[in-house]
Amino acid sequence: MPLTRILKAVARYDKVNAMFIDSHAHYNAEAFAEDRDALLASLPAAGVDAVVNIGDSLSASETCLRLSEQHSFVYAAVGVHPENAAEITEEGLRRLEKLAGHEKAVAIGEIGLDYYYDDVPRDIQRFAFREQLKLAKKLGMPVVIHDRDAHGDCLQILQDENITAGVMHCFSGSVEFMREVVRLGLYVALGGVVTYKNARHTVDVAREVSPDRLLLETDCPYLSPVPHRGKRNSSLYLRHTAEKIAEIRGVDVETVATITAQNARRLFGII
């Protein structure tokens, strides 16, 4: 759908007046090549107060920082995704530490483990994960964690490294796993998946997670919420995820928006 039509639809949707924070986006992705600047510029008027744009490689992290320089409400996380774990060498870590010193860098991420594919050996993933966690602790920065089909190892490494500041992005675990994560002091981020019919675990987590540990995210351009599933996602669709979580928890959408925005500001140090 063209951006102008999306904005007209948002303008007609007057049930939500609260401001949202998108805690996990990828506006550096090729899917936004044609209208990136216009789309980002439109977000504040559409109710999006801030966006944390997430790096998944060293070069992508640099791009995220450039975007944060161009838009005052955009912040950046810098890090190397498990699929790019081979980038975490001594030189790679030095480069990452330099990127993390940027004034708009608010977290180390997206880092973690992905056992769904076998493209990157698991020992290399675990090494890269640990090294980036150590860097985050050294710098006093929170982490943004990618965990796909690797709950046990991910939790063990977080415990080993004594990580107490961060968020489990696109949380896919059980309520029991969520409680272990929260016990460490971490946040849980939920996105469009919570609106899907087969998302039983995610719905349970949305219901049970403590409100002071909950964040909203899009993971755009991926994982668009219903009724936009299958289309390019953006922060303009955060309200659909917030509506579903509000329905699950029996509260109004403004409450979800306000609490999750406060949590994001607290975690990332966003003013």
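The values are calculated or read from the model by the stated rules, or taken from the named source; none is laboratory data. All values reported here derive from a predicted model rather than from experimental measurement. Note that we place each Cβ from the backbone using ideal geometry, even for glycine, and neighbour counts take in every protein chain shown. Quick note on the areas: whole protein, heavy atoms, side chains included, nothing else; ligands and nucleic acids left out. Shrake-Rupley method; radii C 1.70, N 1.55, O 1.52, S 1.80 Å.
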Exercise. Quick one: net charge around LEU93, please, counting Lys, Arg +1 and Asp, Glu -1 for every other residue with C-beta under 14 Å from its C-beta.
Key: +2
Quiz item: Do any trypsin sites (Lys or Arg not before Pro) in the range 142-204 lie in a loop, going by DSSP, with at most 12 other beta-carbon atoms within 10 Å of their beta carbon, and if so which?
Solution: LYS197
Quiz item: Excluding VAL182 itself, what net charge comes from residues whose Cβ is under 13 Å from its Cβ, given Lys and Arg +1 and Asp and Glu -1?
Solution: -1
Quiz item: What is the distance in Å between the Cα centres of the range 79-108 and the range 201-244?
Solution: 27 Å
Practice problem: Please calculate how many Å² of accessible area the chain carries per residue, with a 1.4 Å probe and no DNA, RNA or ligand atoms counted. | Solution: 44 Å²
Exercise. Project the alpha carbons of the range 116-271 onto their principal axes and report the range along each, largest first, in whole Å.
Key: 40, 35, 28
Exercise. Give me the compactness ratio for the chain, meaning the Cα radius of gyration over 2.2 N^0.38 Å.
Key: 0.94
Quiz item: Once you mark the GluC sites (Glu not before Pro) that are in a DSSP loop and have at most 11 other Cβ atoms within 10 Å, what is the longest gap between them in the chain?
Solution: 104-271
Quiz item: For the chain, what are the DSSP H helices with axial Cα length of 18 Å or more and mean Kyte-Doolittle hydropathy of at least -0.5?
Solution: 58-70, 253-268
Exercise. Note down the magnitude of the dipole of the chain about its Cα centre, charges +1 on Lys and Arg C-beta and -1 on Asp and Glu C-beta and zero elsewhere, to the nearest 20 debye.
Key: 760 debye
Exercise. Keeping every protein chain in place, order TYR27, TYR115 by accessible area at 1.4 Å, biggest value first, i.e. largest first.
Key: TYR115, TYR27
Quiz prompt | Among ASN84, VAL120, PHE73 - extreme Cα towards positive end, dipole of the chain, charges at beta-carbon | solution = PHE73
